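Any read-out appearing in this document is the output of simple, stated calculations on the displayed coordinates, not a laboratory observation. All of these numbers come straight from a predicted model, not from anything done at the bench. Virtual Cβ from ideal backbone geometry, glycine too; neighbours counted across all protein chains shown.
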Amino acid sequence: MILVTGGAGFIGSHTCVELLDAGYEVAIIDNLCNSQRDSIDKIKQITGKDVKFYEEDLVNKEAVEKIFEENKIDAVIHFAGLKAVGESVQIPLRYYHNNILSTLVLCETMAKYGCKKLVFSSSATVYGNPHTVPIKEDFPRSTTNPYGSTKLMIEDILTDLHVSDNEWSIVLLRYFNPIGAHASGLIGENPNGIPNNLVPYIAQVAIGKLDHLNVFGDDYPTKDGTGVRDYIHVVDLSKGHVKALEKANSCTGVNTYNLGTGTGYSVLEILHAYEKACGKTLKYEIAPRRAGDIPECYADTEKSFTELGWKAELDIAQMCADSWRFTQNNL
Ligand code: NAD
Ligand code: UD1
C-alpha cells in the first residue's frame, strides 16, 4: 500500500487517481487545512476504487504510527505542506513548524516500521534566480522566502538520512508550475480567497469573480516583456509520480528530477490561451513587478526523460480547457 500525505490536495488528489488506475492500493493522510473532504469521494468516483482516508495531522506522531500499525505501507509520496510564498514571509514559524516537523515525524515513523521508500514534492523554487535556462537538476540552489527554505531544508534532511542509512530510496521531484485539472472536471485547484498564482487568478476573471488580471511587469528581458514559466498539466505531473515510485522501488539512493515540460510561456501567452479555452476576451492591466519574481524559468527535461522514462504530453490548450471545465463546475 502507498501512503499519500496531503492526498486531498490539488496535486495529491490527481496523483491518487493515477496510482489507483495503475493498480496500487492507496491510503491518504490529510488534515484538510487546505483541501476539502469531498476530494476523497471524487477520487473514488473517478477511479471506481476505494481509498483509505485518515483525517489527521502529520505532525501528530501517534496518529501517523497508527496508520503504519494498521497498514503495510510499502512507500510514501509526501505532498503535505503549506505552500503560499507570501504567507510564509508573514508567518514563517508556522511554515517551518508544519513543513519540517511533519517530514521529521513521517521519516522517523517510516524508519521505525522499516519503510524506506519516499517520493518528496520539492519545487523549482529551490533554483532561486537561475543564471541560465533551461534549468538542470545540478544547478546551484538558493531561496528567497521561508516556503522555499523549507523545501531546501527537507531536500537536505532526506539526503542526510540516506547518508546515515543507504537502504533509503528517496526521489526528490522539483515541480515547475502545475496547472489544469482532471478531464472529468471533478478535481482541480480551488484556492481560498484571492488566488496568488496566475492560472487560478485568470480562471476567476473568466468566471466573473474578479474584474481583470494584473500582469506583474511587462519590462522583463523576455519574448513579450512578461514573466515566462514552465506550466505543466497536473495530470502529466501526477503520472511523473507513478514513474518516480517505480524508480524508488528499483534502486536505493537520492535521485532528483525536474518535472516540467521544457517550454516557457509568457503571462500574456497564457492569458490568450485561456481566452481561447473559455471563448471570452479577458481584461488585463499592466501592473508593477511582483517582489521576488524572476524573469524566466523552465526545465531541462532530459534527466527525467532518460532516467524515469517520463515526459509531459498535454499542451497549454488542454491545460486551459481542463482548468476552465473545472472552474465552471466548481466556482
Ligand atoms: P495543496 O495545498 O492543494 O495540498 C497540500 C495538502 O497537504 C492539503 O490537502 C493540506 O490540507 C495538506 N496538509 C498540509 N499540512 C498538513 C499536515 N501537517 N498534516 C496533514 N496534511 C497536511 O498543495 P498542492 O498544490 O497539491 O501541493 C502539494 C505539494 O507540492 C506541496 O508540498 C507543495 O509545496 C508542493 N509544490 C506545489 C506546487 C504548486 O504550484 N502547486 C509547486 C511546487 C511544489
Ligand atoms: C509561485 C511561487 C513559487 C511556487 C509556485 C508554484 C512566488 C514568488 N513564487 O511561482 O515559489 O513554487 O508559485 O506554487 O510566489 N502573475 C501575474 N499576475 C498574477 C499572478 C501571477 O502577472 O496575478 C505572473 C507572475 O509575475 C509570474 C507568472 O505570472 O511571471 C506565474 O506566477 P505564479 O503562478 O504565481 O507562479 P510563480 O511566480 O512561478
Margin query: If R₀ is 41 angstrom, what is the calculated FRET efficiency for the pair ASN330 and THR252, using the beta carbon separation as r and rounding to 0.05?
Written below: 0.50
Note to self: Quick check on the exposure proxy: order SER13, SER184, SER122, SER304 from fewest to most C-beta atoms within 10 angstrom.
What the structure shows: SER184, SER122, SER304, SER13
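With contacts defined as alpha carbon pairs under 8 Å and 6 or more residues apart, what's the relative contact order of the range 1-116 in percent? Intermediate values should be presented prior to the final figure.
Details: 169 pairs, mean separation 34.7, N = 116.
About 30 percent, as a whole number.
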Next item on the list: With runs of 4+ DSSP H residues as the only contributors, calculate the mean residue ellipticity of the chain at 222 nm using -39,500 (n - 2.57) per run, divided by the residue total and rounded to the nearest 500.
Entry: -11500 deg cm²/dmol
Notebook entry, point to check: Dipole magnitude of the range 171-313 about its Cα centre, charges +1 at Lys/Arg Cβ and -1 at Asp/Glu Cβ only, in debye to the nearest 20?
Noted result: 320 debye
Checklist line | Difference of contour (0.36 nm per residue) and Cα-Cα distance, ASP218 to ASN60 | finding: 52.3 nm
Margin query: Please arrange LEU308, LEU93, LEU331, LEU118 by how many other C-beta atoms lie within 10 Å of their C-beta, fewest to most.
Written below: LEU93, LEU331, LEU308, LEU118
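In percent, how large is the relative contact order of the range 161-277, given Cα pairs closer than 8 Å and 6 or more residues apart?
Details: 153 pairs, mean separation 47.0, N = 117.
Normalised by residue count, the contact order of the range 161-277 is 40 percent.
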Item checked: Signed unit charges on C-beta, dipole axis of the range 18-155, positive-most listed residue VAL76, ASN129, ILE28 -> ASN129
Margin query: Let me check against my output: what whole-number percent is the relative contact order of the chain, with C-alpha pairs under 8 Å and at least 6 apart?
Written below: 19 percent
Note to self: Straight-line reach only, C-alpha to C-alpha below 22 angstrom: list the lysines that LYS247 could link to, leaving out same-chain residues fewer than 8 apart.
What the structure shows: LYS72, LYS116, LYS117, LYS136, LYS151, LYS239, LYS303, LYS311
Next item on the list: For the range 131-154 and the range 212-244, write down the distance between their C-alpha centroids in whole Å.
Entry: 16 Å
Checklist line | Potential lengthening between ASP38 and SER164 on full extension [0.36 nm per residue; Cα-Cα distance subtracted] | finding: 41.4 nm
Note to self: Using the Cα centre of the range 122-197 as the reference point, and only Cβ charges (+1 on K/R, -1 on D/E), how large is the resulting charge dipole? Debye, rounded to the nearest 20.
What the structure shows: 360 debye
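So if R0 is 35 Å, what FRET efficiency would LYS303 and GLU87 give, r being the distance between their Cβ atoms, rounded to the nearest 0.05?
0.65
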Item checked: For the chain, share of DSSP beta bridges that run antiparallel, in % to the nearest 5 -> 5 percent
Checklist line | Cα-centred dipole magnitude for the chain, charges only on beta-carbon of K, R (+1) and D, E (-1), debye, nearest 20 | finding: 340 debye
Checklist line | Amide N proximity, the range 62-88 versus LYS52 label position 7 Å along Cα-to-Cβ, cut-off under 20 Å | finding: 62-80
Check: Considering only ALA8, GLY309, THR159, whose Cα is most displaced toward the positive end of the charge dipole of the chain, charges sitting on Cβ of Lys, Arg (+1) and Asp, Glu (-1)?
Finding: ALA8
Notebook entry, point to check: Given the Cα-Cα distance of ASN71 and MET1 and 0.36 nm per residue of separation, how much length would full extension add, in nm?
Noted result: 24.5 nm
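Which ordering of HIS272, HIS212 is given by a fewest-first count of other beta-carbon atoms within 10 Å? Walk me through the numbers before you get to the answer.
On the way: HIS272 16, HIS212 12.
Result, fewest neighbours first: HIS212, HIS272.
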